[in-house]
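Every read-out reported here was derived from the displayed coordinates using simple, explicitly stated rules and does not represent laboratory data. All values derive from a computational prediction rather than experimental measurement. Please note: Cβ atoms are built from the backbone with ideal geometry, for glycine as well, and neighbour counts cover all protein chains shown.
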Amino acid sequence: MLSVKNNQKGLAETVVDFFVTGEKLGWRGVDIQGETTVEKDHGRLETRRSLLATDLSWMESAQREAWKNLGALGMIETTRETGEKISVEQRYFIASTGIKTVGEFARSVRAHWAVESMHWTLDVTFREDACRVRKDHAARNLASVRKIVLALFQQDPLFADRSLRRRRVLASRNSAYREELLGLRPRTSNASD
């Protein structure tokens, strides 16, 4: 599963044109799978419409061949309603031949988003992309430690109202809080900045 971005200009134009034209023509003669889910949480209503096309015979062969195992094109349209505010966003994807149904596609996109979200959090909170450690297994070891620390912060209810960055700073300055996070001492801390 790959998100189609504007830096892949020819592919992005082809995929967007396919879905925009298909919508306008009501998908006449095109085998398209669709699924809509609705979630209500934290005062927000989110409607997610997923479309998947597995017949790519209409695509230029050079474009199909440029992406090995290309098996489907997909679109996710997300409509978010918060009070009076409504926002609509379309995201486009290419998928491998392993994705056969719109349900598999929707689940894969959600899983992909969760991974991207974790990487974004690691970069923002721990500046992971700025790390220049490359010797032996050091980079992989540090990445593992960052993920463990992120999980510890996410599971910690004590300062849930604070940002991950603030909790990281607090843990670096307060040994009692750090020991509680690591399970080295029972939870008793009233740690503060």
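With the gyration tensor restricted to C-alpha atoms of region 47-100, the semi-axes of the equivalent ellipsoid amount to 30, 10, 8 Å, longest first.
An ellipsoid equivalent to region 89-165, defined through the eigenvalues of its Cα gyration tensor, has semi-axes of 29, 19, 12 Å when rounded to whole angstrom and sorted largest first. Take the Kirkwood radius over Cα pairs of the chain, plug it into Stokes-Einstein at 10 °C and 1.306 mPa s, and you get 79 µm²/s for translational diffusion. Shown for region 1-145: lysine pairs separated by 8 or more places, or found on different chains, whose C-alpha atoms are under 27 Å apart, numbering 11.
Each label point was placed 7 Å from the Cα along the Cα-to-Cβ direction; for Asp161 and Lys5 their separation is 3.7 nm. Loop-located GluC sites (Glu not before Pro) across region 1-77 with a Cβ neighbour count of 11 or fewer within 10 Å are Glu60, with loop assigned by DSSP.
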